[in-house]
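Everything below concerns the one structure shown next.
The values are calculated or read from the model by the stated rules, or taken from the named source; none is laboratory data. Note that this is a predicted model, so its numbers are computed, not measured. Methodologically, a virtual Cβ is constructed for each residue, glycine included, from the backbone with ideal geometry; neighbour enumeration extends over all protein chains shown.
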Amino acid sequence: MPLPLFWFFAILMLVGGLAVISLRNPVAAALSMVASFVGLAGLFIGLNAYLVGIIQILVYAGAIMVLFLFIIMLLDLKTEEKRAPKVVPVVGGLGIVLAFTIQLIGVLGKTPPKESEPLDLVAAATHQTGGIQETLKDDRLPDVNLVGDLMFTEYNLPLQIVGVLLLVATVGVVVLSKRQTA
Amino acid sequence: MFAWILLLLPLLAAAANQLYLKRNAFIASLVSTGAVVATFVIALVLLGRDDAVVGPVSWISLENDPGLSLSLKLDQLSKGMMVIVTGIGMLVHIFSLGYMADDSAKARYFTGLSLFMFSMTGIVLAGNFIMTFIFWELVGLSSYLLIGHWYQKDSAADAAKKAFIVNRIGDFGFMIGILMLFGITGTFIFDDMGGGLANFKEGYESCYACLIGTAILCVFCGAVGKSAQMPLHVWLPDAMEGPTPVSALIHAATMVAAGVYMLFRVQLSLGVEIFTETFAGDVIAWVGGITALGAALMATQQNDIKRVLAYSTLSQLGYMVMATGLGGGDAGMFHLYTHAWFKALLFLGSGAVIYACHHEQDIWKMGGLLKKMPITGATFIAGTAALIAVPFTSGFFSKEAILHAAEAKPALFWIAVAVAVLTPFYMTRLVLVAFLGSPRTDDADHAKEVAPVMWGPLAVLGVLALISGFAFFNGIAPATPAHAGEFHVNKLFWISLGALAAGVIPAFLLYGGRSKDPLSIPLFRERFYIDALYDKIVVKGLQNGSAAVVHFFDEFVVNGLIVGGASRLAESFGMLFRRVQSGNLQGYAFTFGIGVILVIYFTTFWK
Amino acid sequence: MAGLHSYLLVSGLLFAIGLAGVVLRRNIIVVFMCLELMLSAANLTLVAFSRFNGVNGLPDYNGQMLVFFVITVAAAEVAVGLAIIVALYRARQTIHTDDLTSMRG
Amino acid sequence: MLLLIVLLPLLAFGAILAGAKARQTAVIACGANLALGLLAAFTWKAGFWNLSLPVLSAPAIHLSLGLMDGMSVIMLLLSVIVAFAAVLTGQAPDGREKLYYGSSLLIAAGAIGAFVATDLFFFYAFHELALIPTFLMIGMLGRGENKAAAWKITIYLGFGSLVLLAGLVWLASATGTFDMVAMQESTAIDPAAQKGIAAFLIVGFGILVSLFPFHSWAAPAYASAPAPTAMLHAGVLKKFGLYGLLRLAVPLLPEGLHAWLVPLCVLLLGNILWVGFVTISQKRLDGMLGNSSVMHMGYIFLAIAALAAVPGGENAWAVPAAVLLMFAHGISIAMLFGLADKIERTTGTLDLDELGGLGKAAPSLAFLFGLVGMASIGLPGLANFAGEVMVFIASFKNYDPAAGMGPVQITCILAIWGVVISAIYMLRAYRKVFQGPFVKATEGASDLSLVDRVPAVLLAVVLLAVGLCPNLLLSLLR
């Protein structure tokens, strides 16, 4: 990914994030979060993770954020009324974030930098079989095929378990949202 | 085979009584009596057989160890003792048929008697020390049950409890002694002990005398408890709360003599040197001597007919123990043998008197009973004659043997002589007050001779009391000293005759025709205040007091300070963390953030 | 081309922003959104490592698998979490975290 | 097959939850277990009893049940006998049958599981399983100050289990296996580590067995526990700690135990003498029984001390002595608690000063109580005596007269004084409850019913049989 594009998406993401925590109106916060996720998806795609990027848009920016907005509207939340901010928590919170950021920079400074190498798809084809190999030989990245291959073979059991988890979540939500009868 | 039957028959009778015959007291009493008659016959049969060790039957078997076996040892000592035990047991059972005829718990009574016969047989026939201990405890149990026969009476229940606990105190030492002997000789079996001791003596000459002396003294503790020597004598007079035939059987003739029997068994196994060559012998002899003298003094001031006899028993047991400690165990056993007959007779006689006087036990409320109950009276006087060692009665011969054994130690010898003066004194007092003179209460006035089932045993015992000392009967005695039953006119004879006269004549002068005790010596009447002292200091002070103190410490120091302190510490930690638990979501997130930063710091930047 | 450090830096900053939101904001829905931001920051790290530690010329897809599962679990979490918020709002008529202190020990 | 024995109570527990009649189900399950336990005693050498299912690969943990030696068999027998007697004895308060019998079954299952597990993890886990219903029963169905007692036992035993867990994990890492059979064959542990592990095990197991000074949970808990819980815990579950010491510490940590010999001796004397005096001063029958059970633990520790005295030395008496005494004590204390429950039900009180003369009104109760009371103070002919005398002999087995008395011999001599102490408190209690004239509480008292008699007589017969012929049990150990 060209550097300007990277910085564009990165700044979009970070500014979106900052907007989320600084805007008082929850709807506005949710919408800035969508923007932030779009930037994130751009970064994913820049990392050759096309499927993840698409899913980030579809699931997060599309489905989950809609859910948030829906709930905000359902509860009919007004702009947060202003309360006198307590000094200690604010200072503490900012301090902790600052400390974290400094540490982050410190960690990055201690580790040697690593530049990306371009993907060598033709060479990778020798380790693959079937349709994936064909596509790779054409110097195209069969992203979805590769992910699917892994997901339905090696990660099959976790996948099933996640399915069950979703089912449980569904049932849980239904139970929780049921109005208590006396 | 016979030996096992001898041992187990009474147990079977007891079990049958307890399990099946509780409701049918009459049959229960017959079953018990039948069993004891059968055992008496077997004991007589065994007397004619050779010595043997029957068994062994494995009781505790272990890997790589001989374990423990049960075996029955038949020798002259045990065979003779069995004749005494079963013989007196049989007569007491028969007597009880009459004495306890109207008791509401007759079946329980006879069950207890059978259990006692079983346990006593076990002590006598035991082939090793653990068996002795087992049956030692079991006689304690049967004694407890029988003393507490009328357990709804507070005094009887207390006396039973006291007897058991005091015996347990003796057993504490007994067990230690057994274990030490086990450590020294490496075995519990009587027959093997001598060899083990000899090996030990060769190996460790230097510590031999000290160790074996200590061990023997510990073993002697058991005898102190069971044979009611000072300072553990206090249970025996209280034990008179039990039915009188029980007193005759257990607390006069057999069980209380078990201590002496056991000591003699130890002497036979380990050799008489353990008494004569170590300090143990002296201690034992002195304990016996002091008991003999102290109990005789107490007996002079008792008014309860059974208590007089009880203290007399104590005193005679002291005699036997003294003789044993001096190395004259055979003299002690010989006295045990004659004493068993005449003391059982005296107790059964007193039982008949009490029965006839409607459970009146105070001798000052009797009087003139010889005329009302001629057979009982005559046999009682025969028993008294034997006890006070009138020449040619059985007691005369055995007391002679004991005096002979004590001759080597002048101090003990003169104590023994003093006892020989006191015994005629208090027994003459008893006979004069209870049997002669005129009746002093209605109960005594209306007394009638008891039924044949009761005077029959008295008559048999009366004859035995007079003649069992003669050499002709030595065959059934468990042990006989040299020259037993022979009559010589020598220094000892004159001394014992003099002692007899010195006891009887003052008693006649003092008590002839009196209706009140002319003497009052509170020190003797109150038993040197030993009982009161025990009650105040040992029971109330030491036992209950220390229990209360320990309880206090347990409650407040262990439970309160240590445990409570730990719990309060935990509680204050809890209070500390409770602050953190503010319920504020962001507070938790904040803490979490601090944690993350610390983890990063320690994993990446530390060091 | 941006290097690994650039990705890690922006992802770390996003995480810090999310953490700041969780600590500072009092609206529980916004707090919840910030949690999602933090999760996403983690996802970015995963994908970046997956790309930069390729095997045989391809990205390491094991890292991307984890991202999928995170997204899935996050979806479930959001659903349940929002349901809880709705129930909470019904019960207490507020979603302000300062008012929700029934967990105080 | 062992799985069946463990599962039967659990299945019955499930059936009770599902609505089966509580008492009948519990009795049938425990009865069947008793039969299986007896079968196991005769055929335990056959392999079909054992079972091993892998549960976790690293660290390797198996659900393995097996009868390693006679000790397991004897403990299994003890568990099934007491469990059967306990469910028969129990009388659930109205409406709480499910909790009452269900908990009893859970305790039984846990205890049995702990004794037959041959994997360290399950050995520990089964015991914990049994503890939870114990806490619940005391807290929910107990009498008197049961809430406080329940808290106390929970915290105490929880802490003890924690210490124990640390010791067990250390032990497992030192031997490199969780398999208790393989452990016995592993190479000797380094003496320094042995000392550390032994300390953890002594304290951990010690708390579970109410070793002085960690004993103060026991008496209040037993005093307030419902009868079956007291029977099962005092009779069976408490033996877990001793079993653990005998199974793990004695063979694996001889040097470690030896290093702690003197402290152990002092503590066990604390059990016998200190707690003995505490027992004398008790004013209530239940408190007295609870303390007496603490006291008697000291004798079993004495056997362990005898083993520790000579590391690696032969002492053929000690292990059989400890096992026999554990069995005997388990049976007798269970019977005592069962009968005390009867006394309370018929007279309404357990206060010694309010009782008296019960022997006349309830002769069978008096006879059975007297029998088991005598057993517990070590009367020959009953099982406890055989155990106690063997413990004493074991203490003197390695006595070298020339070298003088060692700590074990001195401890043993002092411990024998406990025989006197126990006679004092037991006879005093018997005197106050059963003898003397009638008092208000005992005037209308009734004797044991037929149903009440079954468990008591069962336990009494076991006591007598083992007491008269200890080889019945000891043959399992050869």
Kindly list the number of the only condition in (1) farther than 26 Å from A:D76 by Cα; (2) touching a strand residue (DSSP E or B) at 6+ places or on another chain (Cβ under 6 Å) that fails for C:R26.
(1)
Condition met for D:L4 (free of Cβ contacts under 8 Å to residues at least 40 places away in the same chain and part of a strand (DSSP E or B))
no
Here are some residues: B:T384, B:T428, B:T441. Which one is among the polar types (S, T, N, Q) and buried (at least 24 other Cβ atoms within 10 Å of the Cβ)?
B:T384
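Would you confirm whether any residue within the stretch B:490-508 is assigned to a loop (DSSP other than H, G, I, E, B) and more than 30 Å from B:K365 (Cα to Cα)? Full working, then the answer.
In the first step, residues of the stretch B:490-508 are kept if they are assigned to a loop (DSSP other than H, G, I, E, B); the result is B:490.
Filter once more, keeping what is more than 30 Å from B:K365 (Cα to Cα): B:490.
The answer is yes; a qualifying residue exists.
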Taking the residues in the stretch D:393-409 that are without any contact (Cβ under 8 Å) to a residue 12 or more places away in the chain and part of a helix (DSSP H, G or I) as candidates, determine which candidate is surrounded by the fewest Cβ atoms within 10 Å (Cβ to Cβ).
D:A403
Of the conditions (1) more than 10 Å from chain C (Cβ to nearest Cβ); (2) under 30 Å from C:R25 (Cα atoms); (3) at pLDDT 85 or above, A:V88 fails just one. Which one is it?
(3)
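The rows are residues; the columns are (1) basic (K, R); (2) farther than 16 Å from D:R453 by Cα.
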| site | (1), (2) |
| --- | --- |
| D:S332 | no, no |
| D:K342 | yes, no |
| D:G348 | no, yes |
| D:L352 | no, yes |
| D:G356 | no, yes |
| D:I393 | no, yes |
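Hey, does the stretch A:19-28 have a residue that's touching a strand residue (DSSP E or B) at 6+ places or on another chain (Cβ under 9 Å), at the interface with another protein chain (Cβ under 8 Å from one of its Cβ atoms), surrounded by 16 or more Cβ atoms within 10 Å (Cβ to Cβ) and in a helix (DSSP H, G or I)?
The first filter runs over the stretch A:19-28 and keeps only residues touching a strand residue (DSSP E or B) at 6+ places or on another chain (Cβ under 9 Å), leaving A:24, A:26.
If we keep only those that are at the interface with another protein chain (Cβ under 8 Å from one of its Cβ atoms) as well, we get A:26.
If we keep only those that are surrounded by 16 or more Cβ atoms within 10 Å (Cβ to Cβ) too, we end up with A:26.
Then drop every residue that is not in a helix (DSSP H, G or I), which leaves A:26.
Yes, the stretch A:19-28 contains a residue that is touching a strand residue (DSSP E or B) at 6+ places or on another chain (Cβ under 9 Å), at the interface with another protein chain (Cβ under 8 Å from one of its Cβ atoms), surrounded by 16 or more Cβ atoms within 10 Å (Cβ to Cβ) and in a helix (DSSP H, G or I).
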At pLDDT 90 or above, among the aromatic types (F, W, Y) and on the phi < 0 side of the Ramachandran plot: does that describe B:F174?
yes
Qualifying positions in the stretch D:410-426 - free of Cβ contacts under 8 Å to residues at least 12 places away in the same chain and within 20 Å of D:S332 (Cα to Cα)
D:V420
Restricting attention to the stretch A:156-182, report how many residues are surrounded by 10 or more Cβ atoms within 10 Å (Cβ to Cβ), at pLDDT 90 or above and more than 18 Å from C:A74 (Cα to Cα).
1
Out of (1) of a type in the set (A, V, I, L, M); (2) in contact with a helix residue (DSSP H, G or I) (Cβ under 8 Å, 6 or more places away or on another chain); (3) surrounded by fewer than 17 Cβ atoms within 10 Å (Cβ to Cβ), the one B:I530 does not meet is (2)
Can you pull out the residues in the stretch A:112-140 that are under 20 Å from A:L47 (Cβ atoms), more than 8 Å from chain C (Cβ to nearest Cβ) and either surrounded by fewer than 12 Cβ atoms within 10 Å (Cβ to Cβ) or among the hydrophobic types (A, V, I, L, M, F, W, C) (or both)?
A:P112, A:P118, A:I132, A:L136, A:D139, A:R140
Would you pick out the residues in the stretch B:138-157 that are farther than 14 Å from B:M255 by Cα and within 7 Å of chain D (Cβ to nearest Cβ)?
B:G148, B:Y151, B:Q152, B:D154, B:A157
Could you figure out which of (1) over 21 Å from B:H551 (Cα atoms); (2) part of a helix (DSSP H, G or I) isn't true of D:I189?
(2)
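Taking helices (runs of 4 or more DSSP H) that do not extend beyond the stretch B:314-415, which have at least 3 residues that are over 16 Å from B:A248 (Cα atoms) and of a type in the set (G, A, S)?
On the way: elements: B:329-356, B:369-372, B:374-387, B:394-406.
Passing ranges, in order: B:329-356, B:374-387, B:394-406.
Out of D:I300, D:I280, D:I304, report the one residue that is within 14 Å of chain B (Cβ to nearest Cβ) and not polar (S, T, N, Q).
Working: D:I300 fails: within 14 Å of chain B (Cβ to nearest Cβ); D:I304 fails: within 14 Å of chain B (Cβ to nearest Cβ).
Step by step, each of D:I300, D:I280, D:I304 is checked, and only D:I280 is within 14 Å of chain B (Cβ to nearest Cβ) and not polar (S, T, N, Q).
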Looking at the stretch B:15-28, is at least one residue modelled with pLDDT under 85, in contact with a Gly (Cβ under 7 Å, 6 or more places away or on another chain) and over 27 Å from B:F347 (Cα atoms)?
no
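Being modelled with pLDDT of 85 or more, in a helix (DSSP H, G or I) and either of a type in the set (G, A, S) or surrounded by fewer than 24 Cβ atoms within 10 Å (Cβ to Cβ) (or both) narrows it down to one residue among B:L77, B:L70, B:L115; which is it? Show your work before the answer.
Values: B:L70 fails: in a helix (DSSP H, G or I); B:L115 fails: either of a type in the set (G, A, S) or surrounded by fewer than 24 Cβ atoms within 10 Å (Cβ to Cβ) (or both).
Within the list B:L77, B:L70, B:L115, the selection yields B:L77.
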Failed condition for B:E202, given (1) within 11 Å of chain D (Cβ to nearest Cβ); (2) out of contact with any Gly (no Cβ under 9 Å at 6 or more places or on another chain); (3) surrounded by fewer than 21 Cβ atoms within 10 Å (Cβ to Cβ), with all others met?
(1)
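For (1) β-branched (V, I, T); (2) within 30 Å of C:L58 (Cα to Cα), each residue gets a yes or a no:
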{"residue": "A:W7", "(1), (2)": "no, yes"}
{"residue": "A:V20", "(1), (2)": "yes, no"}
{"residue": "A:P26", "(1), (2)": "no, no"}
{"residue": "A:V59", "(1), (2)": "yes, yes"}
{"residue": "A:V66", "(1), (2)": "yes, no"}
{"residue": "A:I72", "(1), (2)": "yes, no"}
{"residue": "A:V87", "(1), (2)": "yes, no"}
Tell me, please, whether a residue that is part of a helix (DSSP H, G or I), of a type outside the set (S, T, Y) and closer than 30 Å to D:F434 by Cα can be found in the stretch D:308-325.
yes
B:L211 meets each of (1) free of Cβ contacts under 8 Å to residues at least 12 places away in the same chain; (2) over 27 Å from B:A257 (Cβ atoms); (3) not small (G, A, S) with one exception, condition (1)
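Condition test on C:L37, is it more than 14 Å from chain B (Cβ to nearest Cβ), free of Cβ contacts under 8 Å to residues at least 60 places away in the same chain, surrounded by 18 or more Cβ atoms within 10 Å (Cβ to Cβ) and part of a helix (DSSP H, G or I)? It would help to see each step written out before you state the result.
Values: more than 14 Å from chain B (Cβ to nearest Cβ): no; free of Cβ contacts under 8 Å to residues at least 60 places away in the same chain: yes; surrounded by 18 or more Cβ atoms within 10 Å (Cβ to Cβ): yes; part of a helix (DSSP H, G or I): yes.
For C:L37, the condition - more than 14 Å from chain B (Cβ to nearest Cβ), free of Cβ contacts under 8 Å to residues at least 60 places away in the same chain, surrounded by 18 or more Cβ atoms within 10 Å (Cβ to Cβ) and part of a helix (DSSP H, G or I) - is not met.
Could you look through the stretch B:170-188, keep only residues that are over 18 Å from B:I274 (Cα atoms) and at the interface with chain D (Cβ under 8 Å from one of its Cβ atoms), and pick out the one that is surrounded by the most Cβ atoms within 10 Å (Cβ to Cβ)? Give the derivation first.
The first filter runs over the stretch B:170-188 and keeps only residues over 18 Å from B:I274 (Cα atoms), leaving B:170-172, B:175.
From what's left, at the interface with chain D (Cβ under 8 Å from one of its Cβ atoms): B:171-172, B:175.
Numbers: B:D171: 25, B:F172: 22, B:M175: 27.
Among those that are over 18 Å from B:I274 (Cα atoms) and at the interface with chain D (Cβ under 8 Å from one of its Cβ atoms), it is B:M175.
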Can you give me the number of residues within the stretch D:371-428 that are among the aliphatic types (A, V, I, L, M), closer than 22 Å to B:V539 by Cβ, within 21 Å of the chain's Cα centre (by Cα) and more than 7 Å from chain B (Cβ to nearest Cβ)?
3
Would you tally the residues in the stretch A:53-78 being at the interface with chain C (Cβ under 8 Å from one of its Cβ atoms) and touching a residue at least 24 places away in the same chain (Cβ under 8 Å)?
3
The stretch B:260-309: number of residues that are touching a helix residue (DSSP H, G or I) at 6+ places or on another chain (Cβ under 8 Å), in a helix (DSSP H, G or I) and of a type in the set (D, E)
1
The stretch C:61-99, subset surrounded by fewer than 17 Cβ atoms within 10 Å (Cβ to Cβ) and outside any helix (DSSP H, G or I), residue nearest to the other protein chains (Cβ to nearest Cβ):
C:H96
